[in-house]
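Data block below; observations after.
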Amino acid sequence: MAHATAHHDTAHEDTSPFDVVLWGATGFVGRLVAEYFAEHYSRSDTSQGKISWAIAGRNRAKLESLRRDLKDQFSLSEDLSILVGDALDPESLDSIARQSRVVCTTVGPYAKYGTNLVEACVAHGTDYCDLTGEVAWVRDIIDRYHEEAREAGARLVHCCGFDSMPSDLGTLMIQEESRKIHGRPCENVRLLVTDAQGGFSGGTLASLFGTLERASRDDRVRSILADPYALNPPGTRSGPNEGSQDEGLQDEGLQDEGFQWGARYDQTVGAWTGPFLMAPVNEKVVRRSNALMGDLMEDRHGGDGYGPAFRYAESTQFGPGLSGAVKAYGTALLSATLVGVVATPPLRRLLETLALPDPGEGPSREAIESGYFDISLYGWGRDDSGTRFGVRGTVAADRDPGYGATAIMLAESALCLASGEANSALQGGCLTPASGMGMPLTQRLQDAGLTFDAEAFDLRG
Ligand SMILES: NC(=O)c1ccc[n+]([C@@H]2O[C@H](COP(=O)([O-])OP(=O)(O)OC[C@H]3O[C@@H](n4cnc5c(N)ncnc54)[C@H](OP(=O)(O)O)[C@@H]3O)[C@@H](O)[C@H]2O)c1
């Protein structure tokens, strides 16, 4: 390997580590995150407080070019530090983890490049956040490192991008509001993607294809993808989302089915709904949050969890009437076809040769800035008298979900971990955004321009 030890090229004391090291700074999302840190947390006139941070990656020339660009674009007065290593060289990662309070990584596919960095962070008790949506890899990391990370006090927070931040923090927000208004959390939460516009990068497609390729040759990976509780701690890997729909809810026009592959009319919102392709990832993350926060694994439910009866599901919302039905059925058909094509090796290879972006490429700046997403969440529960209550919420942003908004989410996650403001009793282990950082992260994202709103909702209205 080229680098036995990652070294940096500006004066920096090993005894005072960087607040944040951005690993993968020269990639498509990495660059967006670097620009965000430079614009908001590095300039001498910043109102947000400067941070000490470094850009890191495998290619010194690319890192130096990025540093020059950042300096020019954001008029930075000081030189940023550069750390050089390689994802496949454990010694260089050891050096990077030792010099950081938080490592924020965009180096994916994570199943291919991510494990050595996790190991280094656990060894040094360094906090960590990433953008993975690769469920089978997250499960491997939980199995191998959760206990060790807990003992070392290293918080490993996966899925800090569009997958699965709006789902996980949106549900936490609904439950906080429910506790405030009704004194208890909702038993059911449903997320509906009402509108979104955005693109794909080569890195995301490489990660998606990598996951499906593993699934096509490995039964264990397939069963992890299909299991709604695959990311839960041992002892909590079953629950109400495996079962059939609650009959009582059906009578009241509410739906709480598990993963939705088909089209169906949703009476709660009066619109047709169809599948949401990221639901199998997000739903598992939200269920892990519930288990970790409520201590379900030790059979003494309490704390800030949502309870053992909690159900959660996601889908895409279309309009009412015929046009809504056509879109919902069309999306169901398209999703099934896409999954079928990508899971079939010759068809996947054909797709890869088409004009899809390569790693390092992604949507244009204009597309990122004109992108957006709008998500609704509906929660319902029952009070002591058995009467149903509802809470409704919105999570939204006026940037491309997978890139513009994702870069803000990852950057603010790293800062939330570095600042010590996370309000979680969990000081180590494989955590989720909600269980590891909680509402302080939501506040940070609101301050950064994202919308998080919740209010009481009259189910009979
Ligand atoms: N959760 C979400 O919502 C979300 C959204 C967007 C992306 N993602 C995920 O984020 C990841 C990055 O996406 P992207 O589009 O930014 O990908 P990308 O442009 O391909 O960037 C990948 C980065 O990894 C670096 N890298 C590759 N091999 C390496 C090695 N051996 N050692 C060190 N660094 C190495 C690359 O370095 P070079 O610059 O030197 O090539 C680059 O910085 C993907 O896994 C993607 O799925 C998730």
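Any read-out appearing in this document is the output of simple, stated calculations on the displayed coordinates, not a laboratory observation. Since the structure is predicted, the reported quantities are computational estimates derived from the model, not experimental observations. Neighbour counts are summed over all protein chains in view; Cβ atoms, including those assigned to glycine, are modelled from backbone coordinates with ideal geometry.
Numbers for the structure displayed
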| read-out | value |
| --- | --- |
| For THR442, THR115, order by how many other beta-carbon atoms lie within 10 Å, fewest first | THR115, THR442 |
| Within the chain, helix-based [θ] at 222 nm, where runs of 4 or more DSSP H residues each add -39,500 (n - 2.57), nearest 500 | -13000 deg cm²/dmol |
| Antiparallel DSSP beta bridges within the chain, percent to nearest 5 | 50 percent |
| Kirkwood hydrodynamic radius over Cα pairs of the chain, then Stokes diffusion coefficient at 25 °C and 0.890 mPa s, in µm²/s | 109 µm²/s |
| For ARG214, net neighbour charge (Lys/Arg +1, Asp/Glu -1) across residues whose Cβ lies under 13 Å away | +1 |
| Charge dipole (debye, nearest 20) of segment 310-461; +1 at Cβ of Lys and Arg, -1 at Cβ of Asp and Glu | 580 debye |
| Distance-filtered residues of segment 188-224 - backbone nitrogen under 15 Å, label point 7 angstrom along GLU148 Cα→Cβ | none |
| Of ILE408, ALA425, THR394, farthest towards positive along the dipole that unit charges on Lys, Arg, Asp, Glu beta carbons give segment 362-461 | ALA425 |
| Leading residue at positive end of dipole, segment 86-193 (Cβ point charges), from ASN116, HIS158, ILE141 | HIS158 |
| Dipole in debye (nearest 20) - segment 362-416, about Cα centre, beta carbon charges: Lys, Arg +1; Asp, Glu -1 | 200 debye |
| Label point 7 Å beyond Cα of ASP358 along Cβ direction - residues of segment 87-110 with amide nitrogen under 18 Å | 108-109 |
| Within the chain, longest stretch free of exposed chymotrypsin sites (Phe, Trp or Tyr not before Pro) [DSSP loop, at most 16 other beta carbons within 10 Å] | 262-461 |
| Within segment 176-215, backbone nitrogen closer than 16 Å to the virtual label 7 Å beyond the Cα of SER370 toward Cβ | 196-200 |
| Non-local Lys pairs in the chain, i.e. 8 or more apart or on different chains, that have alpha carbons under 29 Å apart | 7 |
| Segment 346-439, Cα convex hull volume normalised per residue, Å³ | 216 Å³ |
| Rounded to the nearest 20 debye, dipole of the chain from Cβ charges on Lys, Arg, Asp, Glu | 600 debye |
